[in-house]
1. Please work out whether segment 217-313 counts as rounded, prolate or oblate from its C-alpha gyration tensor, where a ≥ b ≥ c are the square roots of the eigenvalues and a/c under 1.5 means rounded, while otherwise a/b larger than b/c means prolate and anything else oblate?
2. Tell me, what is the 1.4 Å probe accessible area of Asp239, in Å² to the nearest 10?
3. Using a 1.4 Å probe on the protein heavy atoms only, what accessible surface does Tyr102 show? Give it in Å² to the nearest 10.
4. Efficiency by 1/(1 + (r/R0)^6): what FRET value for Asp259 and Thr190, r their Cβ-Cβ distance, R0 = 25 Å, to the nearest 0.05?
5. Rounded, prolate or oblate: which fits segment 160-266 when a ≥ b ≥ c are the square roots of the eigenvalues of the alpha-carbon gyration tensor, with rounded for a/c under 1.5 and prolate only if a/b beats b/c?
6. Taking only Cα atoms and a 10 Å spring cutoff, compute GNM fluctuations for the chain and point out the largest among Glu233, Glu286, Glu61.
7. Just reorder Met80, Met219, Met115 by solvent-accessible area, largest first, 1.4 Å probe, all chains present.
8. Dipole of the chain (Lys/Arg Cβ +1, Asp/Glu Cβ -1, origin at the Cα centre): which of Asn150, Val64, Leu287 lies farthest to the positive side?
Amino acid sequence: MKKEYLILIALILILGAYLLFHKENKNNYVLPKIAKIDISKITGLVIAKKQIPIEFTKKEETWVVTDKEYLADSSSVNNMLDTLKTLKLSALVSEKEDLKRYELDDENVILVKAMNGQKIVFEFTIGKTAPSFNHTFVRLASDKNIYQVNGSFRSSFDKTLEDFRDKKVLEFKEDSINQIFIEKDGISKTIISKEEKKDKEGASITWMSDYGISVDKEMVSNLLSAVSFLKCEKYLYDDTKNKLEKEKPLCKIRFKSKDDIDLTLFKIDTQDNLIGISSMNEHAFELSQFNGKEIVSNIETLLGITKEEKSTN
């Protein structure tokens with residue numbers, strides 16, 4: 001019995017020593033503290049994957065991307081800046097430079113630099129998102145260790161140049177438009193808004209053709225809704241707009257407000273999507289099939305173009 005007590009005491013001592021050692025070993029590091037980043041002073045960002053950098057520059061209150069100064073998508077830039085603002089290490093993951101395991105190797109890593117002028121304010125690299133999707137693995141500049149950061153934000157940085165560009169090609173308030181000119185297949189029509197007064201409900205807008213014929217208000221509303229905040233699928237080569245201006249278009253729309261707003265669409269035989277140019281954008285673009293078909297369908301309805309007429313053109 002005495003022997004059993006001695007064995008039990010020995011096991012307790014061994015277990016206590018293990019727990020003490022494990023606790024000391026677990027807390028044998030202090031996480032680096034990332035100084036708070038004042039994003040209002042960030043004037044540039046560099047995002048690089050596979051050594052190919054995408055450079056952003058702040059121009060007054062807007063962001064542009066590359067030396068060609070394409071307008072950048074504001075929500076994409078804000079997401080990246082918000083990540084920098086709240087970045088905080090939550091755990092040390094590895095001291096062994098096990099880069100491939102955490103997708104911090106050359107093939108997968110994303111390098112991020114936040115700039116103030118030519119000065120690097122902060123630099124780090126992004127690896128994969130943890131299986132739980134609650135953390136992201138990172139490394140700090142001049143630090144071989146791999147850390148864990150709260151949140152899943154790799155997707156905010158893991159984008160192509162095309163993804164980072166602002167895809168908005170047309171934007172206006174629908175109630176600011178007082179005249180619409182549409183043209184397709186040699187048929188054209190001008191539609192003018194007329195304000196009518198009602199006793200209790202206030203003013204009501206009706207639409208009339210330039211011949212004085214009433215136009216279905218819902219049809220006009222559908223067209224305005226389809227284009228008042230129009231985004232493209234992708235942009236085309238920089239010189240495409242100049243070339244398209246010399247080509248015969250599929251259809252044209254001109255909206256009159258304080259200024260004229262033009263949208264011209266073209267059909268390319270080798271593809272289903274329509275391409276277009278806009279007076280509110282410097283670059284030619286490609287629309288999604290859905291957006292292209294919706295706009296053309298609305299124009300054809302307003303012009304009274306039937307299926308039979310479409311098939312003969």
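The values are calculated or read from the model by the stated rules, or taken from the named source; none is laboratory data. Quick caveat, the model's predicted, so the values are computed rather than measured. With ideal geometry, Cβ positions are generated from the backbone for all residues, glycine too; neighbour counts draw on all protein chains shown. Accessible surface is based on the protein model in full, side chains and every heavy atom, while ligands, DNA and RNA are left aside. Shrake-Rupley method; radii C 1.70, N 1.55, O 1.52, S 1.80 Å.
1. Values: a/c = 1.69, a/b = 1.18, b/c = 1.43.
Oblate.
2. For Asp239, the solvent-accessible surface is approximately 80 Å².
3. Rounded to the nearest 10, the figure is 20 Å².
4. 0.90
5. It is oblate, given that a/c is not under 1.5 and a/b is not larger than b/c.
6. Per the Cα network of the chain with a 10 Å cutoff, Glu61 tops the list.
7. Putting Met80, Met219, Met115 in descending order of accessible area: Met219, Met115, Met80.
8. So the residue we want is Asn150.
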